[in-house]
Amino acid sequence: MHDPYLADVADIQRIPEVETILAELCERTGMGFAAVARVTADRWVACQVLDKIEFGLDAGDELAIKTTICDEIRASGQGIYINDVEADPAWRTHHTPALYGIKSYISWPIVRGDGSFFGTLCAVDPQSRLGLAALAPQMEAYAQRIATELDRVSPAASR
């Protein structure tokens, strides 16, 4: 059986800028794991990752969608940043940080030119971080660059 998500993984990996974006994201945030993920109502699939902390995911790997914060980003269409899970009343009891051992998190929606939600650009780390809110404009710019290149390598209309 052919998995249509493997085509999404391949499409993201054909975009040379993604590797640079993941490296810049880790550098700017100080976080050790960054990824572009294909996110739907029922699946979360890593398309490309940069893993400096042995988080344990490679391109093509999946997480159960309901165990991710990316599912909430898909539902809301809004980016999320968490400097310190333990200090944030909205997140300290959330199941995802506890499950994956993360204390800081930033993620932004990747929305294609036709308005469809593709997935997320995200970064996580087991240590708390400061100043993630200031990176929101850069996250939006990164996500837009990925979406633009994705539309170039794989027009949504042909999918």
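The values are calculated or read from the model by the stated rules, or taken from the named source; none is laboratory data. Remember, predicted model here, so these are calculated numbers, not experimental data. A quick note on method: Cβ atoms are made from the backbone with ideal geometry, for glycine too, and the neighbour counts reach across all protein chains shown. Ligands, DNA and RNA are stripped out before the accessible areas are found, and what is left, the full protein with its side chains, is counted by its heavy atoms. Shrake-Rupley method; radii C 1.70, N 1.55, O 1.52, S 1.80 Å.
Would you mind telling me the share, in percent, of accessible area of the stretch 16-83 contributed by carbon and sulfur at probe 1.4 angstrom? On the stretch 16-83, the fraction of accessible area on carbon and sulfur atoms equals 43 percent. Diffusion coefficient of the stretch 102-155 by Stokes-Einstein, Kirkwood radius over Cα pairs, 25 °C, 0.890 mPa s: 205 µm²/s.
Output the relative contact order of the chain, whole-number percent, from Cα pairs under 8 angstrom with separation of 6+ residues.
Answer for the chain is 23 percent.
Taking all protein chains as they are arranged and a probe of 1.4 Å, the heavy atoms of GLU19 leave approximately 130 Å² accessible to solvent. Sorting VAL39, VAL111, VAL153 by accessible area puts them as VAL111, VAL153, VAL39; the probe is 1.4 Å, largest comes first, and only protein heavy atoms count.
What whole-number value in Å² describes the accessible area per residue of the stretch 1-146 for a 1.4 Å probe?
I get 47 Å² per residue for the stretch 1-146.
Rounded to a whole number, what is D in µm²/s for the stretch 57-107 from Stokes-Einstein with the Kirkwood radius over alpha-carbon pairs (10 °C, 1.306 mPa s)? Intermediate values should be presented prior to the final figure.
Numbers: Rh = 11.7 Å.
Result for D is 136 µm²/s.
Within the set [x] 149; [y] 104; [z] 127, the number that volume of the Cα convex hull per residue in Å³ takes when calculated for this structure is listed as [y]. For the chain, a crude dipole built from +1 on the beta carbon of Lys and Arg and -1 on the beta carbon of Asp and Glu, taken about the Cα centre, is about 240 debye to the nearest 20.
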